[in-house]
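Read-outs: derived from the displayed coordinates by stated rules, not from any lab. Owing to the predicted nature of the structure, the values given are computational and were not obtained by experimental measurement. Note that each Cβ is placed from the backbone with ideal geometry, even for glycine, and that neighbours are counted across all protein chains shown.
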Amino acid sequence: MSYPAMKFAKAGYNVVVPDLRAHGKSTGNHIGMGWLEKEDVKAWINEIVKLDAAAQIILFGGSMGAASVMVASGDPLPKQVKMLIADCGYSSVYNECRYLLKSALHLPTGPILYFANSFCRKKMGFDLKTASSINQLQKNHLPALFIHGTADKFVPHTAIYKNMEATQGRKMGLLIQKAPHLSSWIYDEQRYFTVVEQFIGNNLESEK
């Protein structure tokens with residue numbers, strides 16, 4: 001996230017780039033694939049609102065960070081949150097695990113997902129099928145920009161269509177041709193950040 005954070009900072013935004021749980025310098029022993037991390041996103045939102053009640057907050061995330069902001073958008077959020085931008089986020093943790101087991105590891109999905117789901121419920125307190133971007137986006141009414149690279153072999157780019165169909169607010173999609181996972185801004189930087197800036201500007205203006 002360092003490069004887009006730098007681009008946003010140079011464009012005049014205040015930028016907060018937290019390490020989510022079990023990442024970087026943050027504490028925690030379990031990675032929740034976005035479902036647990038949505039609580040971190042909400043906690044940071046509340047901290048920002050405490051500092052500036054007039055803040056206009058844009059949630060931006062890539063990959064698991066994209067899933068984190070998408071699933072957070074389905075929970076009640078302060079009015080200061082204005083929109084979200086999700087780059088190459090998956091439609092659900094269960095579907096993502098199933099896809100990787102088949103495409104990358106060539107392993108049988110049924111038995112592995114059964115035991116993985118049991119472990120997840122016992123150790124982490126949630127079901128893999130519950131951790132769904134689609135289900136949460138169906139409760140979201142904020143404007144949402146979805147971005148994906150067509151050569152993504154980690155999260156299939158078809159997830160963008162499922163996520164866009166689910167969200168209930170204004171929506172926009174951006175596909176970057178030949179870009180692999182979380183690399184869209186590398187493959188077409190000018191188009192990427194132009195679309196992001198226009199999306200932010202148009203939706204903040206329409207709110208006024």
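Over the chain, what is the mean sequence separation of C-alpha contacts under 8 Å (at least six apart), divided by residue count, expressed as relative contact order in percent? If you can, show how the numbers build up before the last one.
Numbers: 343 pairs, mean separation 34.7, N = 208.
So the answer I get is 17 percent.
GNM, the chain, Cα, under 10 Å: largest mean-square fluctuation among Lys50, Lys153, Lys42?
Lys50
Can you show me the helix-derived [θ] at 222 nm for the chain, built from DSSP H runs with n ≥ 4 at -39,500 (n - 2.57) apiece and divided by the number of residues, rounded to the nearest 500.
Value at 222 nm, helices only: -14000 deg cm²/dmol.
Return the Rg/Rh ratio of region 1-49 with Cα-based radii and a Kirkwood Rh. Numbers along the way, then the final one.
On the way: Rg = 12.2 Å, Rh = 12.0 Å.
My calculation puts Rg/Rh at 1.02.
Which of rounded, prolate or oblate describes region 63-158 when judged by the alpha-carbon gyration tensor and an a/c cut-off of 1.5? Please list the in-between numbers first.
Details: a/c = 3.17, a/b = 1.43, b/c = 2.22.
Verdict is oblate for region 63-158.
Return the label of the correct value of semi-axes √(5λ) of the Cα gyration tensor in Å, as calculated from the structure shown, out of [x] 31, 20, 17; [y] 43, 17, 15; [z] 27, 21, 16.
Here semi-axes √(5λ) of the Cα gyration tensor in Å agrees with entry [z].
Run the numbers for Asp75 and Thr27: contour at 0.36 nm per residue of separation, minus the present Cα-Cα distance, in nm. Write out the running numbers ahead of the final one.
On the way: separation 48, 0.36 × 48 = 17.28 nm, distance 2.35 nm.
Result for the pair: 14.9 nm of gain on full extension.
Looking at the chain, what % of its DSSP beta bridges pair antiparallel, to the nearest 5?
Roughly 5 percent of the DSSP beta bridges within the chain come out antiparallel.
On a full-extension model of 0.36 nm per residue, what is the gain between Lys139 and Glu205, subtracting their alpha-carbon distance, rounded to one decimal in nm? List each step's numbers first, then the result.
Details: separation 66, 0.36 × 66 = 23.76 nm, distance 2.33 nm.
Contour length minus the Cα-Cα distance gives 21.4 nm.
Name the residue from His30, Ala55, Ala86 whose Cα lies farthest towards the positive end of the charge dipole of the chain, charges +1 on Cβ of Lys and Arg and -1 on Cβ of Asp and Glu.
The listed residue farthest towards the positive side: His30.
Report the local net charge at Ser63: Lys and Arg +1, Asp and Glu -1, summed over other residues whose C-beta lies under 13 Å from its C-beta.
-3
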